[in-house]
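The values are calculated or read from the model by the stated rules, or taken from the named source; none is laboratory data. Keep in mind that this is a model prediction, so the values were computed, not measured. Cβ sites come from the backbone with ideal geometry, for glycine too, and all protein chains shown count toward neighbours. The area values use the complete protein model at the heavy-atom level, side chains included, leaving out ligands, DNA and RNA. Shrake-Rupley method; radii C 1.70, N 1.55, O 1.52, S 1.80 Å.
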Amino acid sequence: MRAALDQAAKGLFLTSPNPRVGCVIVRDGQIIASGHTQRAGEAHAEVDALRDAASRGVDVRGATAYVTLEPCSHHGRTPPCTEALIAAGIGRVVAAIEDPNPLVAGKGIAQLRAAGMAVETGVLADEAREMNIGFFHRMQHGRPWVRLKIAASIDGGTALTNGQSQWITSSAARDDGHAWRARACAIMTGIGTVQQDNPQLNVRAVATPRQPQRIVVDSQLETDPAARVLAGGGTWVITTDAHPERAGRLRDAGAEVIVLPTDGVKINLTALMQLLGQRQINELHVEAGYKLNGSLLRMGLVDEMLVYLAPCLLGPAQGMARLPELAALSDRIVMRFHRVDAIGDDLRVITRLNDF
């Protein structure tokens, strides 16, 4: 199963919105074929592994398929993987974890067993779910797994009071941040960051077969049509203001303008997350300023924080998030450390606010 998880990791930047799945086919303790899920609409892991076997002239009848997620049993963009495994004569399937997709959710396992195949589950289930944390979260909660990325000094500063922020962390940390961008389905920022930094909001520091969807939260449609975040078209601009002239200029620049209700003042972020879930966004990577960061945290919409800490002090500076003053420590936002790693001269600290 670890070999199958290694295969799944090959699809880390590739499979969105489908889960990253790996499969190895084993006979007499030896791996005779392997595969992983390709782009959406192309082969799933099981079919990719069966094709690998066929290309080498390997007979898979009676062999065991180790797969990191329950084989699908429904017709989507591709035919069911259960049918491919049955037709190939696979004798046994070991699935790490059941598929949370209601269209599958145990039906694949039942279909394999009904065909006389031995099926086992629960092998390295935690690792398999971690590989697809966003997919599981979307299927179970209807919204993406939200990862808030921040680069800061050791005293929590993310920019000087004059707005200067490039660069607090090292190039190694910035490159690592691009790898996290690449695995996300979408990257989101706010209008303040667009106006202050004019970011491209894409993946450049690592090789990737696809670019994540770009999203700008802009309640008053203040995005400059010449902003770099719109280059190439396709950016989603989320607003509460259907101002026809401003919206028309942004659409002419290739953006999709999406109007959402307000929470009384600004964009209803809960409604936004529901929309992103409907649009099959599994992992949402947020790189924004302290205002949007604070709003997401106050609403309980952040699942994970990805914080790069540089060994420096900024003194008076913009902080990580605008949060209300607390009257009691019991009101603080509680997180848990998930992991801490050295990245170049900096620390990468991952904390989690939500488990599921």
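Quick look at the values:
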quantity: Unmet criterion (only one of (1) open to solvent by 20 Å² or more (accessible area, probe 1.4 Å); (2) among the hydrophobic types (A, V, I, L, M, F, W, C); (3) over 25 Å from Tyr290 (Cβ atoms); (4) not in a loop (DSSP other than H, G, I, E, B)) for Ala207; calculated: (4)
quantity: Segment 276-294, subset part of a helix (DSSP H, G or I) and open to solvent by 30 Å² or more (accessible area, probe 1.4 Å), residue nearest to Phe135 (Cα to Cα); calculated: Gln278
quantity: Subset of segment 94-116 that is at pLDDT below 95 and of a type in the set (Gly, Ala, Ser) - its residue that is least open to solvent (accessible area, probe 1.4 Å); calculated: Gly108
quantity: Yes/no for Arg339 being free of Cβ contacts under 8 Å to residues at least 24 places away in the same chain, open to solvent by 20 Å² or more (accessible area, probe 1.4 Å) and charged (D, E, K, R); calculated: yes
quantity: Selected residue [open to solvent by 60 Å² or more (accessible area, probe 1.4 Å), farther than 22 Å from Gly232 by Cβ, out of contact with any Gly (no Cβ under 7 Å at 6 or more places or on another chain) and part of a loop (DSSP other than H, G, I, E, B)] from Gln140, Gln164; calculated: Gln164
quantity: Selection within segment 176-204 - touching an Asp or Glu at 6+ places or on another chain (Cβ under 9 Å), open to solvent by 50 Å² or more (accessible area, probe 1.4 Å) and part of a helix (DSSP H, G or I); calculated: Gln195
quantity: Segment 8-38: number of residues that are without any contact (Cβ under 8 Å) to a residue 60 or more places away in the chain, of a type in the set (Lys, Arg) and either open to solvent by less than 20 Å² (accessible area, probe 1.4 Å) or under 19 Å from Val123 (Cβ atoms) (or both); calculated: 1
quantity: Leading residue by the ranking (farthest from Pro17 (Cα to Cα)) among those in segment 210-236 that are part of a loop (DSSP other than H, G, I, E, B) and among the β-branched types (Val, Ile, Thr); calculated: Thr223
quantity: Single condition Ile86 does not satisfy, out of (1) touching a residue at least 60 places away in the same chain (Cβ under 8 Å); (2) open to solvent by 20 Å² or more (accessible area, probe 1.4 Å); (3) aliphatic (A, V, I, L, M); calculated: (1)
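Conditions tested, residue by residue: (1) buried (at least 24 other Cβ atoms within 10 Å of the Cβ); (2) at pLDDT below 95; (3) closer than 18 Å to Val123 by Cα; (4) β-branched (Val, Ile, Thr).
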{"position": "Val47", "(1), (2), (3), (4)": "no, no, no, yes"}
{"position": "Thr64", "(1), (2), (3), (4)": "no, no, yes, yes"}
{"position": "Val67", "(1), (2), (3), (4)": "yes, no, yes, yes"}
{"position": "Thr78", "(1), (2), (3), (4)": "no, yes, no, yes"}
{"position": "Arg92", "(1), (2), (3), (4)": "no, no, yes, no"}
